[in-house]
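Undergrad: I'd like to ask you about the structure that follows.
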Amino acid sequence: MCGACKEQLNACTQGCMTAFECALEKDVLVGEGDQILCEIRGTGALCLQDPVSQAAAPELVTFDTCLIARHSEPAERLRVCEAECGISYTDDVCERYP
């Protein structure tokens, strides 16, 4: 990872990391701030299905919020460390999880 959210990453338990990896694999991360609710619905539907990941949801939100808050340039990116985290956007999350 790029180190921008080191504290939040260190607080992210195995359940949190499993859910984050699932969100990456299932392409439910969005690249625009106004689509965050679609991301939340998609992540919940696909990646927060067991008690461990559900319990880690607050850690996941804290980590992702940090990635978004620490972003600067270029403007077309929503999160810092996109390359290091392997984040890509499919732009269809709100179609799948309206």
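Undergrad: Inspect the stretch 40-49 for any residue being at pLDDT below 95 and of a type in the set (D, E, K, R) and give the result as yes or no.
TA: For the stretch 40-49, residues at pLDDT below 95 and of a type in the set (D, E, K, R): absent.
Undergrad: What is the number of the single condition among (1) in contact with a Cys (Cβ under 6 Å, 6 or more places away or on another chain); (2) modelled with pLDDT under 95 that Cys12 does not meet?
TA: (1)
Undergrad: Search the stretch 18-35 for residues being closer than 14 Å to Phe63 by Cα and surrounded by 16 or more Cβ atoms within 10 Å (Cβ to Cβ), and hand back the single one that is farthest from the chain's Cα centre (by Cα).
TA: Of everything passing the filter in the stretch 18-35, Thr18 is farthest from the chain's Cα centre (by Cα).
Undergrad: What pairs come up if the first residue lies in the stretch 10-21 and is on the phi > 0 side of the Ramachandran plot and among the polar types (S, T, N, Q), the second is assigned to a helix (DSSP H, G or I) and at pLDDT 95 or above, and their beta carbons are under 9 Å apart, counting only those six or more places apart or on different chains?
TA: none
Undergrad: Mind counting the residues in the stretch 81-98 that are at pLDDT 90 or above, among the acidic types (Asp, Glu) and outside any loop (DSSP other than H, G, I, E, B)?
TA: Our first condition is that a residue be at pLDDT 90 or above; within the stretch 81-98, this holds for 92-98.
If we keep only those that are among the acidic types (Asp, Glu) too, we end up with 92, 95.
Pick out the ones that are also outside any loop (DSSP other than H, G, I, E, B) and you get 95.
Result for the stretch 81-98: 1.
The values are calculated or read from the model by the stated rules, or taken from the named source; none is laboratory data. Quick caveat: nothing in here was measured; it's all calculated off a predicted structure. Ideal geometry is used to build each Cβ from the backbone, glycine not excepted, and the neighbour counts take in all protein chains shown.
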